[in-house]
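These notes are about the structure you will find just below.
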Amino acid sequence: MAFDGIVTRAVVSELNGCLLNGKINKIFEPNKNEILLGIYSCGKNYALNICINPVNYRVHLTTHSKPNPQNVFNFCMVLRKHLTGGTIKKIYMNGLERIIYIDVDCYNDFNDLVTKTIVIELMGKHSNVILLNSDNTIIDSLRHLDKLDNSLRDILPGYKYLVLDSSKQDFASSTFDDFYKILQNTESIATALSNYYTGFSKAGISYILSDLDINTEKISLDDYKRLYKYLKDIISGNPLLCYKIDGKKDDFYVKRVLLYTGGLLRGQLDRGESYEYMKNVIMINIIDYTLFKDIKDFHTIWKLRENKNLEHEPLKGLEIHFLELEKFRKSNPNIHEKLNQWLATIDTENEKWLEVAMKENPKLKEVIIKKDNFVNDDKLARELIEAQEKWELDYKAGISCAKKEGIAEGHATGLAEGKLEEKKNLLKNLLKMNMDIETISKATGLTKDELEKLKKEI
């Protein structure tokens, strides 16, 4: 797959799920084409690899170690000076231009909080990594360029950063009629789209055509419409899907789902951003028990409706799906339906169902191999809750459930009777969740005076 605008958007989405609010603690420059950022986020260390090799430019997370040269390059020293200890506040791109922006909050020499931006331009031989001040002035760059180097702009310290205007069109503003006109009487759909629209590559479009099983030699109007809708969904990010797998029943599951979906809706926009950029949210919950005892269907869809006028169309923007595997097993489902085939790859107890599903849909073999990655990615929801709610509500719910099994009392006893160091560690963790002293006192059985004393000793 080519590293085009579509892939770049997917990378930005992944990085937002992992690195947002993370702290930059290490910066390396293994060679003249690469920058490696060590980032601590949500209790885990990540390594972000930025490569501007003209034939292999890319941005990705890596687990492979890179050499740390004894002689530090100039740009690496500049990055360390300005960004070490900084917090990543925003990762974004404009349209489908292959440019990634990373906003970092950090302190200047006067101990003032300022925002600096890492610009990653993925443009073949013109690729670059640029560090900007808050006023869009270039602090430094991995490659220095000026018009004497046949560059169309100056990339030098002290100069204003400029983005080159593209002669290509933005697909986001394109109508189907525009799209259809471009592709009529063309020998190659991939070539036509890559030449006309920003962010499309021949290899990327060819892959999508193959994935959609579109025969370009006998393409129909419906095929054009499918392709157009597919590309629109990718570009617009509509809808935002969040998968959640849960195999343990608790009394607060539905409330947690509502909290997660609320976080997904609220976390999409920064203050001042237009609501037009807000995506629809579809929350899919796959649970290994019966949640709704009074409903026979294993698949239920919940939307916002007017209480008295149920026939009225529900409000758009939010859907919550529940897939109850326990009901699915007992329902004798039609395994020829795609949804049921997909569920059969998750709940593999019935080998006959699985055999039929894979025979009719060979792609499901890949789903089974990568099932953990395919259905267990709830990083976005988890991080939204960690960042916005600090797990306070979840913790209270957990304490309430745990008491039924005698777990909470064990923790309270351990805190009251345990060693001083253990008490301090537990209190430190609870304070990190933004729990107040009164709540901690109720949960542990310790007095406020005892907790305040421990707090001073931490």
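Structure values in brief
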item	result
Residues of segment 344-362 satisfying the condition of being buried (at least 18 other Cβ atoms within 10 Å of the Cβ) and without any contact (Cβ under 8 Å) to a residue 24 or more places away in the chain	Ala344, Trp353, Leu354, Ala357
Cβ-Cβ under 8 Å pairs, at least 6 apart or on other chains, segment 1-13 side at negative phi and touching a residue at least 12 places away in the same chain (Cβ under 8 Å), far side charged (D, E, K, R) and in a helix (DSSP H, G or I)	Ala2/Lys202
Verdict on Leu15 being closer than 23 Å to Gly199 by Cα, under 15 Å from the mean Cα position of the chain (by Cα) and in the same structural domain as Met93 (by TED's automatic domain parsing)	yes
Among (1) exposed (fewer than 12 other Cβ atoms within 10 Å of the Cβ); (2) farther than 30 Å from Lys23 by Cβ; (3) more than 31 Å from the chain's Cα centre (by Cα) - the single one Asn111 does not satisfy	(2)
Subset of segment 299-341 (residues that are more than 20 Å from Thr261 (Cβ to Cβ) and either among the β-branched types (Val, Ile, Thr) or surrounded by 17 or more Cβ atoms within 10 Å (Cβ to Cβ) (or both))	Leu325, Lys327, Phe328, Pro333, Ile335, Asn340, Gln341
Test result for Asn53, more than 20 Å from Met93 (Cα to Cα) and either surrounded by 14 or more Cβ atoms within 10 Å (Cβ to Cβ) or among the aromatic types (Phe, Trp, Tyr) (or both)	yes
Residue match in segment 8-23 (condition: surrounded by fewer than 19 Cβ atoms within 10 Å (Cβ to Cβ), of a type in the set (Ser, Thr, Tyr) and under 22 Å from Met123 (Cβ atoms))	yes
Scan of segment 116-157 for residues that are buried (at least 19 other Cβ atoms within 10 Å of the Cβ) and outside the structural domain of Leu79 (by TED's automatic domain parsing), ordered by number	Ile155
Of the criteria (1) surrounded by 13 or more Cβ atoms within 10 Å (Cβ to Cβ); (2) modelled with pLDDT of 90 or more, which one Ile219 fails	(2)
Candidate set from segment 158-181 (those that are surrounded by fewer than 17 Cβ atoms within 10 Å (Cβ to Cβ) and more than 30 Å from Lys116 (Cα to Cα)); member that is modelled with the lowest pLDDT	Ser173
Asn111 being part of a loop (DSSP other than H, G, I, E, B), more than 25 Å from Pro54 (Cα to Cα) and out of contact with any helix residue (DSSP H, G or I) (no Cβ under 6 Å at 6 or more places or on another chain)	yes
Only listed residue being within 20 Å of Ile99 (Cβ to Cβ), assigned to a helix (DSSP H, G or I) and in contact (Cβ under 8 Å) with a residue 12 or more places away in the chain, chosen from Ala190, Ala172	Ala172
Looking only at segment 193-224, and only at residues there that are among the polar types (S, T, N, Q) and in a helix (DSSP H, G or I), the one that is nearest to Leu96 (Cα to Cα)	Ser194
Complete set of residues in segment 92-108 that are out of contact with any helix residue (DSSP H, G or I) (no Cβ under 7 Å at 6 or more places or on another chain) and in a strand (DSSP E or B)	Ile99, Tyr101, Ile102, Asp103, Asp105, Tyr107
Pairs with Cβ under 9 Å, 6+ apart, first in segment 132-159 and part of a helix (DSSP H, G or I), second modelled with pLDDT under 95	Lys147/Arg153; Lys147/Asp154
Residue ranges of strands (runs of 3 or more DSSP E) in segment 1-91 with at least 1 members over 18 Å from Tyr101 (Cα atoms)	23-31, 34-41, 44-51
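The values are calculated or read from the model by the stated rules, or taken from the named source; none is laboratory data. Fair warning: this is a prediction, and the values are worked out from it, not measured in the lab. Ideal geometry is used to build each Cβ from the backbone, glycine not excepted, and the neighbour counts take in all protein chains shown.
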